[in-house]
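S.K.: One structure follows; several queries about it will come next.
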Amino acid sequence: MRTSPFRVGLIGLSGAVPGILVAVVLFLAIYSWPAIRFNGLSFLVGKTWNLGNLYASPVTVGGFQVPHGAEYGILVFIVGTLATSAIALMIAVPVSLGVAIFLAEGVPERFRPGLSLIVELLAVVPSVVYGLWGVTVLAPLIAHVVAPAFNDVLGFIPFFAGGSATGFGLLTASLVLTLMVVPIITATIYSALRQVADSDKEAAYALGALKFEMATRAMLPAVRGSIVGAVILGLGRALGETMAVLMVSGGAINYLPTTLMSPISTMAAFIVSQLDSAEQDPTGMAVRSLAEIALVLFVITVIVNAAARLITRGLHVGLASRG
């Protein structure tokens, strides 16, 4: 059987994406291997990131040349990454569900294309624009209005106690991420809701359901797999966001957040902010440790996506068994 050039081309293109992904992972693993051996498990649980004395002669520690006093721990950045993403999703998911249901069922048909286009356009706004908005509008608002209000009303809860002199920190970064992931989640869920069969909606109405009840009890259960996929897509955007978070997070180093207003730093933002300083390390261990951070972030992303796949598969199996 003769294979056409078109088929060969398709096979090549389909294999290029996983091939590039594997190549990136191998590069990160190989390049960061000296840092992995030097840092050990303390890399994940240590709270101190110190480049050491870059102007003195390097010292030998465990068979590796490193600057004197160098120490690499990223627990602070792991916590910052997971905390900002979790808070962003806690706000974004219900908002996105509400907007998607409103677009699918609450808006007259003639207005839907325009409103859905606006949502999609929000998803492609450059992240630096959101970051600039966070710096000029959101951070001052949180510093002078939101933080004092939280402190007055919820100050008896340690996580909400304390103000924010600058407005830059965990809450600001989380809200900026929320604004960035809401359009992605909304557009995905809206597209799924539009595919729900009219017969399912009519069956709900026949049982006496109101429009809201029809949407929440007939439409949303039918697209549960798509909802999970949309949430994971938004989470992936939140985990890997760099510039916007870097601009509003406060850039905390060696400091775990204790309140909602605490300055933080995420893994992606920290890599960008520290790359120039790390390149001054004559031993190269600092840059390799930054590559190890990138590898850890990749592993977290893979774990999250794998969990989402399992959840989605379980939902599909459950729906099939009910059917």
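The values are calculated or read from the model by the stated rules, or taken from the named source; none is laboratory data. None of the values given here were measured: they were computed from a predicted structure. For neighbour counting, all protein chains shown are included, and Cβ atoms are generated from backbone atoms with ideal geometry for every residue, glycine included.
S.K.: With the checklist (1) touching a strand residue (DSSP E or B) at 6+ places or on another chain (Cβ under 7 Å); (2) at pLDDT 95 or above in hand, flag the one item LEU175 doesn't pass.
M.R.: (1)
S.K.: Any chance region 41-48 includes a residue that's free of Cβ contacts under 8 Å to residues at least 24 places away in the same chain and of a type outside the set (Ser, Thr, Tyr)?
M.R.: yes
Residue-by-condition table, conditions (1) loosely packed, with under 15 Cβ neighbours inside 10 Å; (2) among the basic types (Lys, Arg); (3) more than 30 Å from ALA230 (Cβ to Cβ):
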residue	(1), (2), (3)
SER32	no, no, yes
ASN39	no, no, yes
TRP49	no, no, yes
ASN53	yes, no, yes
HIS68	yes, no, yes
GLU71	no, no, yes
SER85	no, no, no
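S.K.: Please enumerate the residues belonging to region 65-112 that are part of a strand (DSSP E or B) and either farther than 30 Å from SER265 by Cβ or of a type outside the set (A, V, I, L, M) (or both).
M.R.: Hits for region 65-112 are GLN65, HIS68, GLU71, TYR72.
S.K.: Select from region 62-86 the residues that are more than 19 Å from GLN280 (Cα to Cα) and either modelled with pLDDT under 90 or of a type in the set (Val, Ile, Thr) (or both) and list them in ascending order.
M.R.: Result: GLY62, GLY63, ILE74, VAL76, ILE78, VAL79, THR81, THR84.
S.K.: Quick check on this structure: which one of LEU28, LEU21, LEU13 is assigned to a helix (DSSP H, G or I) and either touching a Leu at 6+ places or on another chain (Cβ under 8 Å) or closer than 18 Å to GLU279 by Cβ (or both)?
M.R.: Exactly one of LEU28, LEU21, LEU13 is assigned to a helix (DSSP H, G or I) and either touching a Leu at 6+ places or on another chain (Cβ under 8 Å) or closer than 18 Å to GLU279 by Cβ (or both), namely LEU28.
S.K.: Let me ask something additional. With the requirement that a residue be in a helix (DSSP H, G or I), within 18 Å of VAL299 (Cβ to Cβ) and in contact with a helix residue (DSSP H, G or I) (Cβ under 7 Å, 6 or more places away or on another chain), what does region 35-63 give you?
M.R.: Across region 35-63, the qualifying residues are ALA35, ILE36, ASN39, PHE43, LEU44, VAL45.
S.K.: Let me ask something else. Checking ALA209 against (1) more than 30 Å from MET247 (Cβ to Cβ); (2) out of contact with any Lys or Arg (no Cβ under 9 Å at 6 or more places or on another chain); (3) not in a helix (DSSP H, G or I), which single condition isn't satisfied?
M.R.: It is condition (2) that ALA209 fails.
S.K.: Another one. Among (1) part of a helix (DSSP H, G or I); (2) under 26 Å from the mean Cα position of the chain (by Cα); (3) farther than 22 Å from VAL79 by Cβ, which single condition is VAL125 missing?
M.R.: The one condition VAL125 does not meet is (1).
S.K.: Oh, and also: Have a look at VAL228, VAL245 and point out the one that is surrounded by fewer than 20 Cβ atoms within 10 Å (Cβ to Cβ), out of contact with any Asp or Glu (no Cβ under 8 Å at 6 or more places or on another chain) and among the aliphatic types (A, V, I, L, M).
M.R.: The conditions single out VAL228.
S.K.: It is to be established whether one or more residues within region 235-251 are within 16 Å of ILE74 (Cβ to Cβ), touching a residue at least 60 places away in the same chain (Cβ under 8 Å), in contact with a strand residue (DSSP E or B) (Cβ under 7 Å, 6 or more places away or on another chain) and not in a helix (DSSP H, G or I).
M.R.: So far as region 235-251 goes, yes, one or more of its residues are within 16 Å of ILE74 (Cβ to Cβ), touching a residue at least 60 places away in the same chain (Cβ under 8 Å), in contact with a strand residue (DSSP E or B) (Cβ under 7 Å, 6 or more places away or on another chain) and not in a helix (DSSP H, G or I).
S.K.: If I ask for residues that are surrounded by 15 or more Cβ atoms within 10 Å (Cβ to Cβ), among the small types (Gly, Ala, Ser) and part of a helix (DSSP H, G or I), which ones from region 149-173 would you list?
M.R.: ALA173
S.K.: So which residues in region 121-165 are within 16 Å of MET180 (Cα to Cα) and aromatic (Phe, Trp, Tyr)?
M.R.: Selection gives TYR130, TRP133.
S.K.: Hey, among VAL181, VAL145, VAL176, which residue is among the aliphatic types (A, V, I, L, M) and over 29 Å from ILE101 (Cβ atoms)?
M.R.: VAL145
S.K.: Take the conditions modelled with pLDDT under 90 and out of contact with any Asp or Glu (no Cβ under 9 Å at 6 or more places or on another chain) and apply them to TYR255. Does it pass?
M.R.: yes
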